[in-house]
Amino acid sequence: MIAFDSDGCINCRLCEDVCSYHFAGSFKPAVAAIRLERPGKFLKISAQVCNLCEGLGEQMCVSVCPTEALLLAVLGSGQFVKFEQELCITCMACVEACPEEAVAYDEEAGSFNICDLCGGDPLCVKWCPEKVLWVEGVVGG
């Protein structure tokens, strides 16, 4: 899972750009699997990214998917949610169930974008100039 240190974030939003490019092939932050939010000028920045429903004991998007288009996959010593596009019926249950609002739907492409850790080398982590993103349990976690 991706971890985030809001104290060091400069709100450059490069993480959103590289993530959206990974999924959509263009810089389209609205469909990134990570999104930054600053509720006010002097308030802390927060990051919405799939955290596997930490502390809830289940993965909400996976448990509500009626077609098993979402499933848990293992990468190294961690898990992530894997999306099987061909099984998806676009019911939007995963979007509604996600407590982190980390499931992005790209209406133009007709696909859901959920953090898949970029196959083990997350671009948001790799390209963060302030190094405030990391894979939990690997670097900085």
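Values in this text are rule-based calculations from the coordinates and carry no lab data. Not measured: the values here are computed from a predicted model. Cβ placement follows ideal geometry from the backbone for every residue including glycine, while neighbour counts extend to all protein chains displayed.
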Per 10 angstrom bin, beginning at 0 and ending with the bin that holds the maximum distance, the Cα pairs of the chain fall in percents of 12, 44, 36, 8, 0
Among the aspartates and glutamates, which fall within straight-line cross-link reach of Lys44, defined as a Cα-Cα distance under 15 Å, with same-chain neighbours fewer than 8 residues apart omitted?
Asp5, Asp7
Assigning unit charges at the beta carbon (Lys, Arg +1; Asp, Glu -1) and nothing else, what dipole magnitude in debye, to the nearest 20, does the chain show about its Cα centre?
460
Once Lys and Arg get +1 and Asp and Glu get -1 on their Cβ, which of Ala97, Gln79, Gly25 lies farthest toward the positive end of the dipole of the chain?
Gly25
Cβ-based charge dipole, the chain, positive-most Cα from Gly40, Cys118, Val64:
Gly40
